[in-house]
Every structure is written in C-alpha cells, then in structure tokens.
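Inspection log for the structure reproduced underneath, given as structure tokens.
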Amino acid sequence: MPENTVTTPLAPMEPDDVADAFAYIRALQADDIDTACAVADDTGPELRRLLLDVAARIFIPVTAVDDCDGEPCAHSFLAAALGRLLLEVLCHADGACLAFPSGIAQTIVRFTENILTEEHSDVADVLRQLEAAGMKQAMEAHRTTA
C-alpha cells in the first residue's frame, strides 16, 4: 500500500500554529470577521497550510474505516454522511473558493457540526476540545525536541 496521510502519522504542529489556526476557525464560526481578518493578516500566507494541517488531523481519524469483515458497521455509513457534508459545503461556501483559508475553515466548522456533534450541539465547544488536543500534541512534541 502506498504511504499516505492515513498510513503515515502526521508530524505534530507547532503550538503557535495550532493557536493561530483555531483562532481563525473559531472567529469564522462565530461570524467575527474582524478577528478572522486580523488573524489572517498576522499569520500571512502560511494560514492556508495551517488550516489544511488542522483539517487533516480532524478528518483523517474520523473517516478511517475499521475492518468490518464485510459486514455493515457504524463506519459503513460515514461515506454517505461525508457526501452530504461535501454537498452542503459546496452549496454554502458563501462564494469562497474551498482552497482559500476561509473555505477550509468553513469546511472544518461544517464537518465538526455535521459529523462530530450530535444534533448540531455546541460546535464552539467541540472546536475548543479539538484545539486543546492539538495543543497538547504540539506541546508534547515540542518538549521532546527541545
């Protein structure tokens, strides 16, 4: 099997990168355009890569399919949910190209809302939990390399 992001562990992000990416995501989720723009200005063109790193850390573990021995299992229905999510994102991208930071952040928010929360519960809380997990991983990696 060729190596890809599913079979190869992702390198930990830097703590500042985690903080910047989630500051931008949470600002967009809260419709705080001024803060989102300020984070984007401070982070610069690197923001796109940071958001893609966060997206990979959220999407890959959730969409990885366990071996179900050919029988339907909870993961069997994930592809349909992801398909619906993609259609929603494409329909509600607010004119933003999905390759730009705002499109990536909106995709993360919608993925969190549709896949990681039950009945669209508090998305902001789940984003804070994801940020805390990313920050913990980044800090642990930073301690071992320092």
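Details
- Model label zone, Ile33; criterion: amide N under 17 Å from point 7 Å along Cα-to-beta-carbon; scope the stretch 102-116: 102-106
- Extension gain, Ile60 back to Asp41 (0.36 nm per residue minus Cα-Cα distance, nm): 4.0 nm
- Difference of contour (0.36 nm per residue) and Cα-Cα distance, Phe100 to His142: 12.3 nm
Readers should treat all values here as calculations from the given coordinates under stated rules, not as data from a laboratory. What you see is a predicted model, and the numbers here were worked out from it, not measured in a lab. All Cβ positions, glycine included, derive from the backbone under ideal geometry; neighbour counts span all protein chains shown.
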